[in-house]
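Novice: Below you will find the structure I want to go over with you.
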């Protein structure tokens, strides 16, 4: 699965619409149950059972509603993850361009400049190129981690939407079943069973999401390793762009450290 902001927004919109629908269905259970028992031929023990089942349905539905509301609190995060991933890829593009530009073969310094100073200059170029390349590596890995996290979140909310649709269908069946005292208990059983299944599905979806994000946490550890790797940043600093052996750039003052070859 890839990530699309439009697809993700549509998924969240469907979830929000489903939540409104579920809220409406919760409000219909009580009146449907009362209507089912409001007949002279309904024994008290049957009426009590129907009302108990209705309360059970409402309680389960509210639990699922509350759980989905809680899970929707982070719904904006995947969009920001994806947008920031694009920003990091732009960083990667810029610094790798610098990396390519700073290669000795790209600068062709030794085509016009010969001698020890030229050799030292070429030697000083490579650490600059490597340092820029390191930033590119970090930017690319950061972007990948963000995109994978966004994709995992999209899959999670799609699964949550499917769960919600199934539960709403069970609620509709239960409300319809309350139209007959005979079938009201069967309708309640449908919702109780569906609630149990969906509770397990929600837990499984959350577990899957946490596993995916846990893998990204490991990726962050790799990124931390890249950040503390000083092989391209001596002493934790950007490599020196000059060479101490040839720091005097003046060739006419009588004590120049270097000169053009003729």
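The values are calculated or read from the model by the stated rules, or taken from the named source; none is laboratory data. Keep in mind that what you see is a predicted model, and the values were worked out from it rather than measured. As a convention, Cβ positions derive from the backbone with ideal geometry for all residues, glycine included, and neighbour counts pool all protein chains shown.
Novice: Residue pairs, Cβ under 6 Å, 6 or more apart or interchain, first in segment 126-152 and closer than 19 Å to residue 80 by Cα, second outside any helix (DSSP H, G or I). List them.
Specialist: Cβ pairs passing all conditions: 150/3; 151/1; 151/3.
Novice: Count, please, the residues in segment 33-52 that happen to be under 13 Å from residue 178 (Cα atoms), at pLDDT below 80 and not in a helix (DSSP H, G or I).
Specialist: Result for segment 33-52: 2.
Novice: Given the criteria out of contact with any helix residue (DSSP H, G or I) (no Cβ under 6 Å at 6 or more places or on another chain), surrounded by 17 or more Cβ atoms within 10 Å (Cβ to Cβ) and either modelled with pLDDT of 85 or more or assigned to a helix (DSSP H, G or I) (or both), does residue 191 qualify?
Specialist: No, not satisfied.
Novice: What are the pairs with Cβ atoms under 8 angstrom where one residue, in segment 1-17, is at positive phi and touching a residue at least 24 places away in the same chain (Cβ under 8 Å) and the other, located anywhere, is surrounded by 12 or more Cβ atoms within 10 Å (Cβ to Cβ) and part of a loop (DSSP other than H, G, I, E, B)? Sequence gap at least six, or different chains.
Specialist: Within 8 Å, no pair qualifies.
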